[in-house]
């Protein structure tokens with residue numbers, strides 16, 4: 001796409017891990033991105049497949065890194081899952097959850113009864129305190145006919161000490177034991193993107209996804225008609241981009257290059273490090 005096409009982008013959905021930071025290390029351009037977007041009048045929502053943290057916990061993490069965003073500007077797969085369930089399940093629905101605060105709190109906020117007694121819905125996200133008993137409870141409920149919903153399909157979760165099994169690994173186990181595949185809310189599936197668009201109030205063709213993964217961020221963005229922007233600061237290399245069948249609309253080495261391109265597309269001078 002051209003610079004003219006970039007000028008038509010009114011809002012961004014911004015992935016976090018691999019774009020703004022890696023683990024606890026802030027990435028170049030992260031602290032400048034959001035002041036730049038506000039100065040240019042470009043809307044944004046931060047989205048993540050990680051359902052372990054709450055909005056407030058993400059705000060605290062980003063503020064410690066010098067990235068000026070508020071919790072209400074973050075949309076997690078945990079929040080999105082609770083909102084997705086609200087389409088079909090009223091408050092008072094019995095839900096068994098495998099997950100952490102970032103999933104438990106939004107489900108409670110929707111008025112669901114979190115219980116292991118005859119749940120009508122089983123929701124599975126990342127859970128660092130996962131036990132065999134929790135898996136057995138989920139297995140039996142799904143076998144009895146409970147609806148099975150997953151926050152995201154990611155097989156691993158990045159940590160400062162390396163990848164660990166993620167929600168997708170839990171789904172593999174439960175799908176094998178029950179014969180039931182979950183409905184997935186997070187990337188690359190549409191619901192998380194659609195909720196981000198609804199929050200922004202923009203159309204897909206005037207909204208871009210900024211991410212570091214071809215299989216979740218870029219493919220998911222293409223699935224719903226977004227402009228796709230890949231940054232090479234995370235898990236994807238330029239060699240992998242060259243080999244990909246479907247390539248992103250834009251590829252940037254990092255956020256400073258993306259910020260400069262946005263300024264240039266609007267005919268506004270850009271100085272590195274401006275705030």
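Things worth noting here:
- Here residue 174 fulfils each of the conditions (1) more than 16 Å from residue 75 (Cα to Cα); (2) surrounded by 18 or more Cβ atoms within 10 Å (Cβ to Cβ); (3) assigned by TED's automatic domain parsing to the domain that holds residue 258 apart from (3).
- Taking the criterion of being in a helix (DSSP H, G or I) and either within 18 Å of the chain's Cα centre (by Cα) or modelled with pLDDT under 95 (or both), the residues of the range 92-114 that qualify are 101, 102, 103, 104, 105, 106, 107.
- Against the numbered list (1) touching a residue at least 40 places away in the same chain (Cβ under 8 Å); (2) surrounded by fewer than 19 Cβ atoms within 10 Å (Cβ to Cβ); (3) closer than 20 Å to residue 20 by Cα; (4) not assigned by TED's automatic domain parsing to the domain that holds residue 121, residue 199 comes up short only at (3).
- Residue list for the range 50-87, filter: part of a loop (DSSP other than H, G, I, E, B) and free of Cβ contacts under 8 Å to residues at least 24 places away in the same chain: 70, 87
- Residue 213 being at pLDDT below 95, within 30 Å of residue 5 (Cβ to Cβ) and crowded, with 16+ Cβ neighbours inside 10 Å: yes
- Exactly one residue out of 154, 163 is without any contact (Cβ under 8 Å) to a residue 12 or more places away in the chain and under 29 Å from residue 26 (Cβ atoms): that is 163.
- Number of positions in the range 155-194 that are closer than 16 Å to residue 134 by Cβ, part of a strand (DSSP E or B) and at pLDDT 95 or above: 0
- Candidate set: the range 119-146, residues that are out of contact with any helix residue (DSSP H, G or I) (no Cβ under 8 Å at 6 or more places or on another chain), more than 20 Å from residue 17 (Cβ to Cβ) and touching a residue at least 40 places away in the same chain (Cβ under 8 Å); chosen: the one surrounded by the most Cβ atoms within 10 Å (Cβ to Cβ): 141
- Extreme residue, modelled with the lowest pLDDT, among residues of the range 1-17 that are assigned to a helix (DSSP H, G or I) and in contact with a helix residue (DSSP H, G or I) (Cβ under 6 Å, 6 or more places away or on another chain): 3
- Positions within the range 226-252 being outside any helix (DSSP H, G or I) and loosely packed, with under 13 Cβ neighbours inside 10 Å, in sequence order: 237, 245, 246
- Whichever residue in the range 253-267 is surrounded by 22 or more Cβ atoms within 10 Å (Cβ to Cβ) and under 20 Å from the mean Cα position of the chain (by Cα) and, among such residues, is farthest from residue 152 (Cα to Cα): 258
- Subset of the range 180-196 [touching a residue at least 40 places away in the same chain (Cβ under 8 Å), surrounded by fewer than 23 Cβ atoms within 10 Å (Cβ to Cβ) and closer than 17 Å to residue 44 by Cβ]: 195
The values are calculated or read from the model by the stated rules, or taken from the named source; none is laboratory data. From a predicted model like this one, the values you see are computed outputs, not experimental measurements. Cβ: placed from backbone, ideal geometry, glycine included. Neighbour counts: every protein chain shown.
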